[in-house]
Amino acid sequence: MNALNTIKKYLLEQKELNNDRFNYVIPDVWVTNQDPATIKHVGDGNVMINPYDFMIHQVESIINESEQRHLNYQQPFYSYNDVPFDLTNGDWIKQSIVYSMMVRTSTSYDHDRSGVLEASNLYDLKDTGTFLKTLLILPYLREMGIDTLYMLPISKFSLKDKKGEAGSPYGVSNFFKVDQNLKDPLTGDACDVETEFKALVEAAHIMGMKVVIDIIPRTNSVNSDFILDYPEWFYWVKKESLAEYKPPFVPAIKEAVVADKKYFKDVFESEEVIDHLKKFTKNPKELDPVKWEEMLAYYKQHPTIEVLDLVDKFFGMAVAYAFSDNINDPQPAWTDITYFRMYLDHPANSQPYLDQLDFVPEPYLLFDVAKSSLNPGKIPNEPLWDVLSEIIPFYQRKFGIDGARIDMGHALPLELVNQIISKAKAIDPNFCFIAEELDVKNAESSIEKGYNMIIGDGFTRLPFVDEYKYNEFVYSVKDLVAPVFACGETHDTPRLAARPGHKITAKFITLFNFFIPNAIPFINSGQEFYEIAPMNLGIGARENEQFLLEEDDPYYGKLALFDYVSFHMNYKDRFELMNEIKKVLPIREKYLEAYLDKDRSYPIDFDHTMIRGVGHAFENDNTCLLAICHNNFYHDDILRIHLTNLPDRFKENVSYKQLYSSHEHNDQTLETQNDIMTLYVKKGEVKLIEITIL
């Protein structure tokens, strides 16, 4: 029996046991295919439902769709989706529209309207997000053209030394267990979280979506499940050392410098670095094997004790915190995670300087170790590598995922990256790999390593319209060897709607991202609602970024990556951006082949490079699409569109028709003179104009 049918069975059973009337609401944006008789519009953006009836209806509609498509559940999940445009070997991502979501947050909602997000609300159900509730948003995501779900980490994470009230999903403590917090009580105790995630993947595939997950093979929780079996995989310090533990400062080096060996003479002459190295010790098992066995015996009698507390109790030791691999990075140590010990010896680039010290360093954590791609040792930690390279195959075989982003893969040993990619490709040759490579200069090398795309630096350029970085991105990415994300925001950055220009900026960047050659549209969960509160302060946070909401807002000051947060899905303009996206989708689809073919797209020029406008043209047989964006959020303007780059057949004996405008105003006469089209444009306006050969 497939997972969706299993879910349906449990839902029906639980409905019989919980058949009370519910004063239970969901945002009306989640309602796309329900019988109006089963819902009641409250009038404030909420819809009152019976959660069992509503969920059962959604599951049944997905199952019915699978039957209509004659899908074979005996085949691997990833075979449900045909490969479009012969994009094999994982390159299907090139035509995708990606939605980045954090399950805990993306479907969080105050269902009982208590004013608080609760893990167990008035009805003993969850306000926080779950895999099961994610089924409810798939229809509206598909209406926005989403065909790829990119999920932030879904593995078990530790709450030991957690940040915020909920903890970070990046503090993974066991890669091979799914986060139990994402289990939904709607299905009862008999159904497990693995079945619910499998059902979500099934549903996504039935609805034409692929599923990509985030894996973090470089780091693990300081409270990792691996500690008891493999203490040698970690870096150890005495517990009292943590009070003053921090990234050591190197006086002779500038801020945030890459850990290249040319700096190591200065690094290992730093007094802070030397003091830092002296903090480290052998792992506790190696220090005292007998006591280690006594500790394990104690653990069997007290299995609820936290692993770190256990080691502290017997040895007074702790796992060392991770910190940035850049020298003199101002970020503090990350107290919830640590680096894996990738090599069993010191980095070869550092060994000459370590030999000059008046003590023999134990295995240590420092910039060189953290950047093992540049500073490998000579003895790979092969048992660890074998485990790390089995993470993706585990999720492929058990759940049928279609792709993965390797967190900080550029900092891993190349041999390990090759091992991870080759194992996944052996299972599914069409599996997609996304490189967390932000430097577009490394696009070609990322493709050579086996990645299908890089994240790129869109979020560091697209929001900066006044600085003309927006124009720079739009015109430069086409020539990259690897495609990049067209993303104006991520879970680590400020929100587009919180940037200068606010909703105007968020609207034109989101819409025009569908028409940038070699760039894959990327929507960060909440972006479609003009959310302004950041999920994290990781990149580019400005003063007061965390406190943009009104002080009486229940999520004021909270960060979704660490706290219980719900997006503002019932604000009055909640449908605006979603509806505009729906309008441009069929136009993008008509020109998708041209969008994917670099030889059939052309940059559109303006009077000079400092004009606040960008554009690309896409060529079909007898028609050509002009995608124009007036990226000025201050005022309306008149733009002169130069069409000299277009093929000659689209310059004479043609007609012009405006297919779309993001603003409502009278259509103007479209004509050219000397290959120049003059357009009146509103601030932040996106226009799609079609040229047809007569």
Legend entry - Cβ-based charge dipole, the stretch 592-693, positive-most Cα from Phe606, His642, Tyr656: Phe606
Inset, instruction - Tell me the label-point distance for the pair Ala297, Asp309, using the 7 Å Cα-to-Cβ offset, in nm and rounded to one decimal. - result: 2.3
Inset, instruction - Output the antiparallel fraction of DSSP beta bridges having both residues in the chain, as a percent to the nearest 5. - result: 70
Inset, instruction - Cross-chain or 8 or more residues apart, Cα under 25 Å: how many lysine pairs in the stretch 592-693 fit that? Count them up, please. - result: 7
Inset, instruction - Helix by helix through the chain, keep the DSSP H runs that span 15 Å or more along the axis on Cα and average at least -0.5 on Kyte-Doolittle, and give those back in order. - result: 3-17, 131-143, 193-206, 414-427, 502-512
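Rounded if a/c is under 1.5, else prolate if a/b beats b/c, else oblate: with a ≥ b ≥ c from the C-alpha gyration tensor eigenvalues square-rooted, which is the chain?
oblate
Order these by the 10 Å Cβ neighbour count, fewest first: Val474, Val59. Please list the in-between numbers first.
On the way: Val474 27, Val59 22.
Exposure proxy ranking, most exposed first: Val59, Val474.
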Legend entry - Rounded Å value of the spacing that divides the Cα centres of the stretch 177-251 and the stretch 499-577: 25
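Using a simple charge model, +1 on the beta-carbon of Lys and Arg, -1 on the beta-carbon of Asp and Glu, nothing else, what dipole does the chain show about its Cα centre, in debye to the nearest 20?
Using Cβ point charges on Lys, Arg, Asp and Glu, the chain gives about 480 debye.
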Inset, instruction - State the extension gain, in nm to one decimal, for the chain segment bounded by Tyr468 and Val290, taking 0.36 nm per residue of separation less the distance between their alpha-carbons. - result: 57.6 nm
Inset, instruction - Please tell me which of these pairs span more than 25 angstrom C-alpha to C-alpha: Lys160/Lys285; Lys15/Lys126; Lys162/Lys239; Lys163/Lys441; Lys15/Lys163? - result: Lys163/Lys441; Lys15/Lys163
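For a protection proxy built on the mean count of beta-carbon atoms within 10 angstrom, sort 330-341, 587-598, 549-560 highest first, please.
Listed from highest to lowest mean packing, they are 330-341, 587-598, 549-560.
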Legend entry - Förster-model FRET efficiency, 45 Å R0, Leu585 and Lys651, C-beta, rounded to 0.05: 0.95
Legend entry - R0 of 51 Å, Cβ-Cβ distance Thr609-Asp552: FRET efficiency to nearest 0.05: 0.65
Inset, instruction - Treating cross-link reach as a plain straight distance, find the aspartates and glutamates whose alpha-carbon is under 20 Å from the alpha-carbon of Lys265, omitting any fewer than eight places away in the same chain. - result: Glu255, Asp275, Asp325, Asp329, Asp345, Asp355, Asp358, Glu362, Asp368
Legend entry - the chain, relative contact order in percent, only Cα pairs under 8 angstrom and at least six apart counted: 12
Inset, instruction - Would you mind getting me the FRET efficiency between Ile379 and Leu694? Use the beta-carbon distance for r and R0 = 60 Å, nearest 0.05. - result: 0.25
Legend entry - Exposure proxy ranking, count of Cβ atoms within 10 Å, fewest first, for Arg649, Arg600: Arg649, Arg600
Inset, instruction - Using Cα centres only, tell me the gap between the stretch 282-305 and the stretch 352-396 in whole Å. - result: 24
Inset, instruction - Counting other beta carbons within 10 Å of each Cβ, put Thr6, Thr38 in order, fewest first. - result: Thr38, Thr6
Inset, instruction - Lys and Arg at +1, Asp and Glu at -1: add these up for the other residues within a Cβ distance under 12 Å of Asn524 and post the number. - result: -3
Inset, instruction - Only Cα pairs under 8 Å and at least 6 apart count here; give the relative contact order of the stretch 592-693 as a rounded whole percent. - result: 32
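Bear in mind these aren't lab numbers, they're just calculated from the coordinates by the rules spelled out. Keep in mind that this is a model prediction, so the values were computed, not measured. As a convention, Cβ positions derive from the backbone with ideal geometry for all residues, glycine included, and neighbour counts pool all protein chains shown.
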